[in-house]
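Here the structure is laid out as structure tokens; the discussion comes afterwards.
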Amino acid sequence: MFKQKYWVLFLDFALLLLVSIALVLVEFGTIPHLQSIGFFCGDPKINYKYKGDTVESHVLVLVTLIVPYITAIMTEYFTKDTNKFDSGRYEWLKESLKWYRKFILGVIFVFFITNVGKMLIGEPRPHFLDTCHPEEAKNCTNKYIDQYTCTNKKENTYNVRDASKSFPSGHASISVYGSISLAWYLQDKCKSRSMLLMPVLQAICIFWAMFCSLTRITDHRHHWWDVLAGSIIGIVISTYINGLFDKQKTDNKSHSTTETWSNETTDNGYLTGRLLNVVTDGKNPTLNL
């Protein structure tokens, strides 16, 4: 049993490492676009000024990764079932880690699918011309250019290369995934007597996703369809991961063992008892004496 668990953890770590390396290679251009990302010179949709980010990438990642874990720890601690957690002092921490592991799995899926989309499709950002300054766009009108050279020396290589990675929106995909997953978790775990607490917490989650997504349009960092595609990715992955987690919990409950105490009378008239195990297979319970 121990060896099997060890190999499962090793396999999970190896896959996580491989996917992480692939994401880094794609993000920093070691793995190039699989097709040329061209543009129409003079296209007003890619002629906006670069304004920066209202929600910086590091802020997005920190909020998406840290806030859900802190929330899960607090939720498990304050809603813990004393009967369930008597067997271990820190079972609430184990429960939060169990959920967070699946949450991180979804984050990796979102990052991977989003970056694959950027590599396969790409598309110039709304500020592409301002960031790239392509030489070939200076003396042309309404011409499609797929071979060009960026001449902007004020921007670093990463920003210039990133200007052609508009589709889909990574901010939208990761913020929507994180917000829906956390709202889903709170709905499942919190049984508050307050009528407003749960809706307010879930509304904060949804507001964060909307804020991160819509500011990508107002910052001229993405087109609206990039944000829509990223949001769909986040919704689909969140639904899949949380649905899978719910199914596993249902399967575990259907194959659970409960203990009950049976009172019996002995031949000499004394009352005694026996501990019985009732094993359920999801349909018919069986009694182990």
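The condition (being closer than 30 Å to T239 by Cα and of a type in the set (D, E, K, R)) is satisfied by just one residue among K45, K94, K51, K153: K94. Yes or no: D246 at pLDDT below 70, out of contact with any Lys or Arg (no Cβ under 6 Å at 6 or more places or on another chain) and either part of a loop (DSSP other than H, G, I, E, B) or among the hydroxyl-bearing types (S, T, Y) (or both)? Answer is no for this residue. For beta carbons closer than 7 Å, sequence separation of 6+ or different chains, a first residue in the stretch 147-165 that is under 19 Å from I121 (Cα atoms) and a second that is basic (K, R), the qualifying pairs are A163/R125; K165/K118. Inspection of the stretch 57-74 identifies at least one residue that is modelled with pLDDT of 90 or more and within 15 Å of K165 (Cα to Cα). Residues that are surrounded by fewer than 19 Cβ atoms within 10 Å (Cβ to Cβ), in contact with a Ser or Thr (Cβ under 8 Å, 6 or more places away or on another chain) and of a type in the set (K, R) number at least 1 in the following helices (runs of 4 or more DSSP H) confined to the stretch 87-203: 170-189.
Considering each of K118, K102 in turn, give the residue that is under 30 Å from T79 (Cβ atoms), modelled with pLDDT of 85 or more and charged (D, E, K, R).
K102
So, of the residues in the stretch 121-145 that are acidic (D, E) and over 34 Å from the mean Cα position of the chain (by Cα), which turns out to be modelled with the lowest pLDDT?
This residue is E136.
Filter the stretch 17-43 down to the residues that are in a helix (DSSP H, G or I) and either modelled with pLDDT of 75 or more or touching a helix residue (DSSP H, G or I) at 6+ places or on another chain (Cβ under 7 Å) (or both) and list them by number.
Correct list: L17, L18, V19, I21, L23, V26, E27.
Of all residues in the stretch 217-229, those being in a helix (DSSP H, G or I) and touching a residue at least 60 places away in the same chain (Cβ under 8 Å) number 3.
The values are calculated or read from the model by the stated rules, or taken from the named source; none is laboratory data. Just so you know, these numbers come straight off a predicted model, no measurement behind them. All Cβ positions, glycine included, derive from the backbone under ideal geometry; neighbour counts span all protein chains shown.
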